[in-house]
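Have a look at the structure below before the remarks.
Please treat every number below as a calculation from the coordinates, not as lab data. The structure displayed is predicted, hence computed values, not measured ones. Note that each Cβ is placed from the backbone with ideal geometry, even for glycine, and that neighbours are counted across all protein chains shown.
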Amino acid sequence: MDTIRPFITGSGLWKPANTISNDELVHSYNAWVEQNIALFGDKPPFSNSEFIEKASGIKSRYVIEKDGILDTNRMRPSLTERPDDDISIQAEMAIEAAKDALCAANKLPNQIDAVIVSSSYTQRPYPAIAIEVQHALGIDGFAFDMQVACSSGTFGLHRAYEMVKAGTANSVLVISPELTSPQVNFTDRDSHFIFGDVATAMVVENSKAITSPLHTFEMVSVRAATQFSNNIRSNFGYTARACDTDPFSPQALFHQNGRKVFKEVCPMAADHLENHVASNGLKTSDIKRWWLHQANINMNQLIIRRLLGKDADQLTAPIILDQFANIASAGSLVAFNLYHQDMEPNDLGVICSFGAGYSIGSLLLKKI
């Protein structure tokens with residue numbers, strides 16, 4: 001009996017029309033500090049664009065809505081609640097990325113067996129965003145949501161890999177609609193610049209289902225690891241109603257101990273990647289491309305130096321966070337989307353995410 005081999009056959013990307021530069025964000029944030037100067041005493045926490053770029057590598061970000069974020073009397077996106085019968089914002093994002101991936105894979109919706117929406121947040125508990133997307137695209141089969149913070153995308157691809165390998169699905173659509181800006185505390189100097197909004201999608205299928213082999217990658221192996229940590233946390237949840245606490249307090253939104261995250265996650269990710277590559281009888285020097293999580297340029301540079309013993313150029317380890325900021329689980333997938341077309345047959349690459357949980361997910365790919 002032939003062993004079923006999973007492949008990535010299509011990749012899709014959707015980004016909002018709105019962007020916010022560091023200068024725009026800093027101007028708004030500093031104006032908010034001036035308005036609320038009494039809260040800060042002798043040391044108002046002003047920010048500047050140079051600090052942001054040096055600390056993170058981020059220069060700009062895409063956002064679903066811009067004006068509300070920059071409004072010093074609001075400091076959060078201004079979104080309109082939609083009727084239940086209208087498509088949700090997150091499903092709308094997901095559908096656009098999905099269409100792009102289906103086109104790349106030369107697939108019709110009725111050729112997809114399963115839909116996974118895997119992202120750091122979903123805008124409601126149920127019905128699943130994935131089922132809403134499934135319905136809107138006219139896909140039979142089944143769909144479900146899953147969340148593993150910044151590793152949601154790679155963990156979703158792991159599930160697709162397993163379903164295809166087990167023969168329970170021939171073609172799986174994995175979508176990561178990262179609507180992150182609503183959970184950002186835009187009044188916090190240490191985190192107001194970190195995130196952006198975007199959606200990615202990938203088609204995973206077995207060899208017999210492939211209809212577009214142009215940019216196809218075999219999923220050679222996958223690996224995942226988790227280790228509990230409170231250093232990256234969001235406490236937003238439905239139990240706030242029962243606890244009589246403010247569901248929108250700073251503790252409910254994204255917050256982190258950035259120094260501890262840097263110190264602990266970088267060696268974890270490097271060890272994970274070294275072990276994943278070695279378990280396949282390979283050396284890190286055998287890998288042509290590293291599509292790494294896009295949270296912080298300094299983290300990526302440190303991890304790459306550990307893996308390769310030297311700095312890497314833009315093709316070896318693409319950086320897209322300068323334009324997109326941290327887009328949660330979509331970061332490494334956007335890097336793949338924008339930097340895979342030049343790969344030659346038998347070239348090897350690794351997609352890797354790392355983030356809250358802690359969680360790390362990686363996929364070893366081979367160009368076909």
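Among the residues of region 56-101, the ones that are in contact with a helix residue (DSSP H, G or I) (Cβ under 7 Å, 6 or more places away or on another chain), not in a loop (DSSP other than H, G, I, E, B) and not aromatic (Phe, Trp, Tyr) come to 11 in all. Phe51 meets each of the listed conditions (1) surrounded by 18 or more Cβ atoms within 10 Å (Cβ to Cβ); (2) under 19 Å from Ile297 (Cα atoms) apart from (1). Here Gly12, Gly68 are screened, and the one residue that is under 26 Å from Ala97 (Cα atoms) and over 22 Å from the mean Cα position of the chain (by Cα) is Gly68. Which of the residues belonging to region 21-55 are touching a helix residue (DSSP H, G or I) at 6+ places or on another chain (Cβ under 6 Å) and assigned to a helix (DSSP H, G or I)? Asn22, Asp23, Val26, Ser28, Ser49, Ile52, listed by residue number.
The conditions of being at negative phi, over 18 Å from the mean Cα position of the chain (by Cα) and crowded, with 22+ Cβ neighbours inside 10 Å are not met by Val265. Taken together, the residues in region 182-197 that are over 20 Å from Val33 (Cβ atoms) and in a loop (DSSP other than H, G, I, E, B) amount to 2.
Within region 111-148, take every residue that is buried (at least 23 other Cβ atoms within 10 Å of the Cβ) and out of contact with any helix residue (DSSP H, G or I) (no Cβ under 6 Å at 6 or more places or on another chain) and give me the one that is farthest from Phe236 (Cα to Cα). This residue is Ile112.
From the list Thr216, Thr316, the one residue that fits, being free of Cβ contacts under 8 Å to residues at least 60 places away in the same chain, surrounded by 14 or more Cβ atoms within 10 Å (Cβ to Cβ) and of a type in the set (Ser, Thr, Tyr), is Thr316. Restricting attention to region 102-136, the residues that are within 16 Å of the chain's Cα centre (by Cα) and in a strand (DSSP E or B) add up to 3.
Here's the yes/no breakdown for (1) in contact with a Phe, Trp or Tyr (Cβ under 7 Å, 6 or more places away or on another chain); (2) aliphatic (A, V, I, L, M):
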| position | (1), (2) |
| --- | --- |
| Ile8 | yes, yes |
| Asp42 | no, no |
| Tyr62 | yes, no |
| Gln90 | no, no |
